[in-house]
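Engineer: To start, I am sharing the structure in question, which I have written as structure tokens.
Each value in this text was obtained by applying a stated rule to the coordinates, not by laboratory testing. Computed from a predicted model, the values in this text were never measured in an experiment. Neighbour counts run over all protein chains shown; Cβ positions are idealised from the backbone, glycine included.
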Amino acid sequence: MPTANLKALEARALALAKNRDFGREAVQVNTAILELAPEHELAWTRLGRSHLEQRAFDDAIVALRRALALNPHNRIAANLLDEVRRQRALAPPSVARAQTGFGVREFTLLETLPPVEACRALKTRVDALFDSLNATSIAHRIVEARQTLGARNSVLFQANSLFPGGAGHIYAVQYGGRWEPQFKMGWFASPPLPEACFCAGIGFNLSGSTRDPNNAEGQERVLACFERFQQVVAGRWEPALVQWMAAAAGFIQFGEDPPLVDLVPEQAIDRLLAARNGAALGRVFCGRWLFLEKPDDAAVLGDRSKLARAIEDTFGVWYPVWLSVYAPPA
């Protein structure tokens with residue numbers, strides 16, 4: 001009598017859902033339905049909701065992904081999946097651990113929250129990273145070089161150096177560097193990039209800014225800086241940068257596209273040097289990338305001191321190139 005059993009179970013599952021009862025019985029009833037009808041999309045959705053109510057987040061994700069595999073347009077399942085990820089990220093870890101950097105929880109917040117809210121949620125942790133970086137020798141050297149040419153900053157990153165990007169993206173840039181080569185960091189969820197990741201290095205914002213009254217002059221200045229950057233890299237620094245990129249997972253990124261991970265360093269540098277019409281590119285970034293799915297990278301991302309050292313080393317590699325662009329010899 002499997003058909004009769006299925007009808008009775010479905011009737012009970014609907015009654016529970018109508019009463020907003022997603023407790024243990026709902027888990028049992030919908031599980032029983034799926035034993036008889038493994039492709040029952042609504043039962044997978046209800047099971048996911050029930051697991052969410054029980055705070056069994058991993059089980060909820062499995063059920064909701066199965067519902068979406070059966071019907072990618074199931075908005076209820078998609079919204080529930082977002083809520084599961086958000087609640088799991090905010091929940092305290094089951095095993096206490098001293099993570100001072102950025103792990104699954106932080107990247108899940110970035111994935112599920114609007115960028116402005118993600119900045120607020122991660123501000124304390126990013127500010128702590130700023131403090132570690134501002135204390136490094138390379139940060140002092142950058143600040144001193146800028147002060148020599150009239151800049152007023154006393155630290156490399158201020159508390160307001162973190163900005164929202166597009167969905168799933170936040171970034172930090174050095175203080176006062178809108179129209180110059182910028183020391184920059186970025187956090188990306190997946191999506192928008194294929195993998196959740198972090199990057200640190202040197203970047204150019206070549207697009208205009210309607211908020212800046214000196215937009216035309218500023219954009220002309222940063223475009224000239226980028227051309228100078230290409231000339232400097234093409235000179236004495238190309239072999240050293242190719243070697244560093246091969247050893248340190250260095251990649252080039254243009255605009256909002258993913259980093260060019262499929263290109264070997266020589267090809268990536270060639271692409272960088274061949275780039276023209278910077279205003280159309282919008283942004284160009286060169287630096288080290290750490291991917292959350294890679295265990296070694298995750299270990300660095302999760303420990304603020306290790307992450308700060310990795311960023312310090314990266315900024316140190318790009319510092320002489322930056323200095324040749326920012327303060328070219330007479």
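Engineer: Tell me what the chain gives for mean residue ellipticity at 222 nm when only DSSP H runs of n ≥ 4 count, each as -39,500 (n - 2.57), the sum divided by the residue total, rounded to 500 deg cm²/dmol. Before the final figure, lay out the partial values.
Structural biologist: Details: 14 runs with 187 residues, N = 330.
Rounded to the nearest 500, it is -18000 deg cm²/dmol.
Engineer: Next up: With +1 on the Cβ of every Lys and Arg and -1 on the Cβ of every Asp and Glu, and nothing else charged, how large is the dipole of the stretch 2-90 about its Cα centre, in debye rounded to the nearest 20? Working shown, then result.
Structural biologist: Numbers: 14 positive and 11 negative charges, 49 e Å.
In total the dipole reaches around 240 debye.
Engineer: I need the calculated FRET efficiency for the pair N153 and L223, taking r as the beta carbon distance and R₀ as 25 Å, to the nearest 0.05. Can you show the working numbers first?
Structural biologist: Working: r = 23 Å, r/R0 = 0.92.
In this case the efficiency is close to 0.60.
Engineer: Please give every one of the lysines within straight-line cross-link reach of K306, meaning a C-alpha to C-alpha distance under 25 Å, and leave out same-chain neighbours fewer than 8 residues apart.
Structural biologist: K123, K184, K294
Engineer: Still on this structure: Which whole-number percent is the relative contact order of the chain (Cα, under 8 Å, 6+ apart)?
Structural biologist: On the way: 481 pairs, mean separation 47.6, N = 330.
Relative contact order comes out at 14 percent.
Engineer: Stretch A15-A145 to full length: gain in nm at 0.36 nm per residue minus the Cα-Cα span? Display every interim value, and only then the final one.
Structural biologist: Working: separation 130, 0.36 × 130 = 46.80 nm, distance 7.01 nm.
Once the chain is fully extended between A15 and A145, it gains 39.8 nm.
Engineer: Measuring from the lowest to the highest alpha carbon on each principal axis, how far does the stretch 114-326 reach, largest first, in angstroms?
Structural biologist: Largest first, the stretch 114-326 extends 38, 37, 33 Å along its Cα principal axes.
Engineer: Another question about this same structure. To the nearest 20 debye, what is the magnitude of the charge dipole of the chain about its Cα centre, counting +1 on the Cβ of each Lys and Arg and -1 on the Cβ of each Asp and Glu?
Structural biologist: Details: 36 positive and 35 negative charges, 147 e Å.
Computed charge dipole of the chain: roughly 700 debye.
Engineer: Same structure, new question: Working out 0.36 nm times the residue gap between A56 and A167, then minus their Cα-Cα distance, what length gain in nm do you get to one decimal?
Structural biologist: On the way: separation 111, 0.36 × 111 = 39.96 nm, distance 2.69 nm.
Stretched out fully, the A56 to A167 stretch lengthens by 37.3 nm.
Engineer: Follow-up. Say the dipole of the stretch 114-326 comes from +1 at the beta carbon of Lys and Arg and -1 at that of Asp and Glu; which of A310, S324, P258 then lies farthest toward its positive end?
Structural biologist: S324
Engineer: Sticking with this structure for a sec: Compare the peptides 33-42, 107-116 by average per-residue count of other Cβ atoms within 10 angstrom and give them in order, highest first. Walk me through the numbers before you get to the answer.
Structural biologist: On the way: 33-42: 16.1, 107-116: 19.4.
With the highest mean Cβ count within 10 Å placed first, the list reads 107-116, 33-42.
Engineer: Oh, and also: Cross-link partners among aspartates and glutamates for K18, C-alpha distance below 13 Å, same-chain residues fewer than 8 apart left out?
Structural biologist: Within the straight-line cut-off, K18 pairs with E10.
Engineer: Here's a follow-up. Which listed residue (G278, F226, T100) has the Cα farthest towards the positive end of the charge dipole for the chain, taking +1 on Lys and Arg C-beta and -1 on Asp and Glu C-beta about the Cα centre?
Structural biologist: Of G278, F226, T100, it is T100.
Engineer: Any chance you could run the full-extension gain for R309 through N277? It's 0.36 nm times the residue separation minus the Cα-Cα distance, nm to one decimal.
Structural biologist: Numbers: separation 32, 0.36 × 32 = 11.52 nm, distance 3.46 nm.
My answer for the length gained is 8.1 nm.
Engineer: Based on Cβ point charges of +1 for Lys and Arg and -1 for Asp and Glu, what charge dipole magnitude is obtained for the stretch 23-172 about its Cα centre, in debye rounded to the nearest 20?
Structural biologist: Numbers: 18 positive and 15 negative charges, 86 e Å.
I would put it at about 420 debye.
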